[in-house]
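The values are calculated or read from the model by the stated rules, or taken from the named source; none is laboratory data. Every value quoted in this text rests on a predicted model; they were computed, and no experiment measured them. Here the Cβ positions follow ideal geometry from the backbone for every residue, glycine too, while neighbour counts run over all protein chains shown.
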Amino acid sequence: MHERFGSNNEGEIVLRRLKHTPNLSITTVYDEPTENELGYDIKWPAKQPRSLTSPAGTELTLIMSSKKLGWLKVRPVTDEVRMAKLLNEFMRTGTTAIKVAAGSKEGEMQDNANAAADTLNQVTVLPGTATPTNMNRKPKLTGVELLRKQHVIDGHAGLSRTIQTMAISPAFKKGVITKADIEQFVREGCGACESAKMKRRPFGRNLTDVSKSHPGKRWVGDHGG
């Protein structure tokens, strides 16, 4: 989710699924074929800067380099509350772009999504902030629940790795997770692991071939130089 502005000070907030490109020197790249598939008109008049025009009519004039590459001023939206309101607006309108109010300044924007969310009195629950009905605080997780949560965070790793991770956590040191919790977690198992992971016999640790070879059937290479 990004805020992006053209050289004409027009701006919009867009929702995009970008490819993972860690080796690029710039953090955000929009490719014109994808923008075109999303309904954007790409215009490049003779001896004029290129521009992107959204389906809603927002026209962003690109900042042209000497190599004729088009640039926008872009920054990610990182505030969780604002992101949640924007996602609600994206889902409500079925679009992937929201125009920034005309004349707004960078850093002081009052976008249409916030206004719409406040008007509709939408209630958004952010991850990890939900509370039970008529309760003032979230219930504490039990030892088994903490183990299961860590097991999922670790990518459904094996029990030994989960225990090693939890062994250095404050919860384990305070006695919240006990041996009985570990045994209960083992008894209950993990439904996702049972359904998706392939079952196999355990491999032995001794990988050395101890069988006696026939004469002339084994070679040793000396790479000492």
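Return the only residue of Gly70, Gly94, Gly39 being in contact with a Lys or Arg (Cβ under 9 Å, 6 or more places away or on another chain), of a type outside the set (A, V, I, L, M, F, W, C) and at pLDDT 85 or above. Working first, answer last.
Details: Gly94 fails: in contact with a Lys or Arg (Cβ under 9 Å, 6 or more places away or on another chain); Gly39 fails: in contact with a Lys or Arg (Cβ under 9 Å, 6 or more places away or on another chain).
Selected residue: Gly70, the only one of Gly70, Gly94, Gly39 that is in contact with a Lys or Arg (Cβ under 9 Å, 6 or more places away or on another chain), of a type outside the set (A, V, I, L, M, F, W, C) and at pLDDT 85 or above.
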Ala171 is checked against (1) aliphatic (A, V, I, L, M); (2) in a helix (DSSP H, G or I); (3) under 29 Å from the mean Cα position of the chain (by Cα); (4) at pLDDT 75 or above and fails just one. What number does that condition carry?
-> (4)
Taking segment 176-197, which residues are loosely packed, with under 10 Cβ neighbours inside 10 Å and farther than 15 Å from Val144 by Cα?
-> Glu194, Ser195, Ala196
Which of (1) modelled with pLDDT of 80 or more; (2) under 32 Å from the mean Cα position of the chain (by Cα); (3) in a loop (DSSP other than H, G, I, E, B) is the odd one out, the single condition Met198 does not satisfy?
-> (1)
Could you give every pair whose Cβ atoms fall below 9 Å, whose first residue belongs to segment 1-19 and is farther than 23 Å from Gln48 by Cβ, and whose second residue is at pLDDT 90 or above and polar (S, T, N, Q), counting only separations of at least 6 or pairs across chains?
-> Val14/Ser54
Residues in segment 43-70 that are within 15 Å of Glu10 (Cβ to Cβ) and surrounded by 12 or more Cβ atoms within 10 Å (Cβ to Cβ) total 16
Asn9 being under 19 Å from Lys99 (Cβ atoms) and either surrounded by fewer than 12 Cβ atoms within 10 Å (Cβ to Cβ) or modelled with pLDDT under 90 (or both) | yes
